[in-house]
Amino acid sequence: MRIDLHTHSTVSDGHGAPAQVMREAAEAGLDVVALTDHDSVDGWDEAAAEAARLGLRFVPGIEVSAKDRWVSLHMLAYWPRMDAPELAAIMERTRRDRVERARAMVERIAADFPVEWEDVLEHAGSASTVGRPHIADALVARGHFPHRSAAFDDVLHSRSPYFVHHYAPDVREAVRAIRAAGGVPVFAHPGAEGRGRVVPDSVIDALAEVGLAGLEVDHRDHDEATRARLRALVERHGMVATGSSDYHGTGKPNRLGENLTTTEAFEELERQRG
Ligand code: AMP
Ligand code: FE
Ligand code: FE
Ligand code: ZN
């Protein structure tokens, strides 16, 4: 079984519509695929319908933005009820603040790299969740950078003077809200140091206490030493180790199926579904 539990569509910062991502997943030879757009469930229905047509097993997911003090984190949620009030309220607040935050970043960036808020809106298109990748696309279209990654290495980086934070729930609150919604929480790329700060093992220990189910160990942003450290944490807490692509379409080098989750790990996540 080829299982990939982390992908993005145009509902957030991916470049393909939900149905398109499912078609690409089938072409990549996947048997099981999760759609995990940032802070939104708006792609689920379209993806589920297309996956059914293709004979692909679809897992509804979300990548919930969260934080531990000033460190930004991503928590994957599998099979949460889409109408669960607490989780829905958290995500709505995040999505709303992400727009204000993107406006503030564009205002700062525009002082040095001419770009308009309308450009960003155009690149966000029908997205439910606006993010830095949409600002990146606008800057690329203006000729300031050759591709998204170059914009991220420069003006969009979390350590850049143009960076602005957005609201996100404390990560413990996010884990509890996901469990309360019947979802299964898995910490996305917990050791991805290239994105900014990461949390120490003690935070993962604390999250295991409040219901964290697993860690996304096999991810392209983790080197071998990081994977070994994360595997030790998984063992210590009897958690589940997953592997995923974090596919964003043409916007990032990540390819569907480049990292996979084992059948045993997937079955354990399924068993924990509320
Ligand atoms: P935001 O959620 O608005 O803070 O933006 C973070 C998102 O930007 C992540 O979810 C990634 O998908 C994307 N991202 C981060 N680094 C890069 C990069 N180097 N190239 C392209 N996309 C990136
Ligand atoms: Fe993303
Ligand atoms: Fe992420
Ligand atoms: Zn992601």
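The values are calculated or read from the model by the stated rules, or taken from the named source; none is laboratory data. Remember, it's a predicted structure, so these values are computed and weren't measured experimentally. Heads up, the Cβs are rebuilt from the backbone with ideal geometry, glycines too, and the neighbour counts pull from every protein chain shown. Note: areas computed on protein heavy atoms with side chains; ligands, DNA, RNA excluded. Shrake-Rupley method; radii C 1.70, N 1.55, O 1.52, S 1.80 Å.
In whole percent, what relative contact order does the chain give with Cα contacts below 8 Å and a gap of six or more residues?
Values: 573 pairs, mean separation 63.6, N = 274.
Reported relative contact order: 23 percent.
Of F58, F187, the order by accessible heavy-atom surface (1.4 Å probe, DNA, RNA and ligands excluded), from most exposed downward, is F58, F187. Note on the chain: Kirkwood radius taken over Cα pairs, Stokes-Einstein applied at 10 °C and 1.306 mPa s, translational D equal to 85 µm² s⁻¹. As a calculated quantity, the FRET efficiency between R159 and D205 at R0 = 25 Å, using C-beta atoms, amounts to about 0.40.
With springs only between Cα atoms under 10 Å, which of S12, S128, S202 fluctuates most in a Gaussian network model of the chain? Greatest mean-square fluctuation among the candidates belongs to S202.
Looking at the stretch 1-75 only, what percent of DSSP beta bridges run antiparallel? Nearest 5 please. Working shown, then result.
Numbers: 5 of 14 bridges.
Approximately 35 percent, going by the DSSP bridge assignments.
Counting only DSSP beta bridges with both residues in the chain, the antiparallel share comes to about 45 percent. The length gained on full extension between R96 and M1, counted as 0.36 nm times the residue separation minus their Cα-Cα distance, comes to 30.4 nm. Its DSSP H runs of at least 4 residues, each contributing -39,500 (n - 2.57), put the calculated 222 nm mean residue ellipticity of the chain at -12500 deg cm²/dmol, to the nearest 500. Taking a ≥ b ≥ c as the square roots of the eigenvalues of the alpha carbon gyration tensor, the stretch 160-274 is rounded, as a/c is under 1.5.
Helix screen, the chain: no DSSP H segment has Cα axial length of 30 Å or more and mean Kyte-Doolittle hydropathy at least 1.0. Database remark: amide H of G14 closer than 5 angstrom to the amide H of S9 (H placed geometrically; neighbours at sequence offset of 5 or more, or on other chains; Pro and chain starts carry no H). If R0 is 22 Å, the Cβ-Cβ spacing of A228 and E264 corresponds to a FRET efficiency of close to 0.65. Here's how it looks for D170: its modeled amide H is under 5 Å from those of K67, which are all 5 or more places away or on a different chain. Once you order the gyration tensor axes a ≥ b ≥ c over the Cα atoms, which shape class does the stretch 35-97 get: rounded for a/c under 1.5, otherwise prolate or oblate by comparing a/b with b/c? Prolate, because a/c is 1.5 or more and a/b exceeds b/c.
Sequentially through the stretch 147-154, phi angles give Karplus couplings (6.51, -1.76, 1.60; θ = phi - 60°) of 7, 3, 4, 5, 5, 5, 5, 10 Hz, Gly and Pro residues having no value and appearing as x.
Dipole of the chain computed with +1 at Lys/Arg Cβ and -1 at Asp/Glu Cβ about the Cα centre; of F152, A206, A111, farthest Cα towards the positive end is A206.
Using alpha-carbon positions, what is the distance between the centroids of the stretch 144-184 and the stretch 202-274, in Å? For the stretch 144-184 versus the stretch 202-274, the Cα centre distance is 18 Å.
Based on alpha-carbon centroids, what's the gap between the stretch 104-135 and the stretch 46-76 in Å, whole number please? Going from one Cα centre to the other spans 23 Å. Beta-bridge orientation, the stretch 23-138: approximately 55 percent antiparallel, per DSSP, counting only bridges with both partners inside.
Contact order, relative form, for the stretch 1-63: 37 percent (alpha carbon pairs under 8 Å, 6 or more residues apart, mean separation divided by residue count).
Using per-residue counts of other Cβ atoms within 10 Å, averaged over each peptide, order 71-79, 135-143 from highest down.
Details: 71-79: 23.0, 135-143: 19.8.
Peptide ranking by packing, descending: 71-79, 135-143.
Ranking G251, A241, A265 by Cα position along the charge dipole of the stretch 228-274, where only Lys, Arg, Asp and Glu carry charges on their C-beta atoms, puts G251 farthest toward the positive end.
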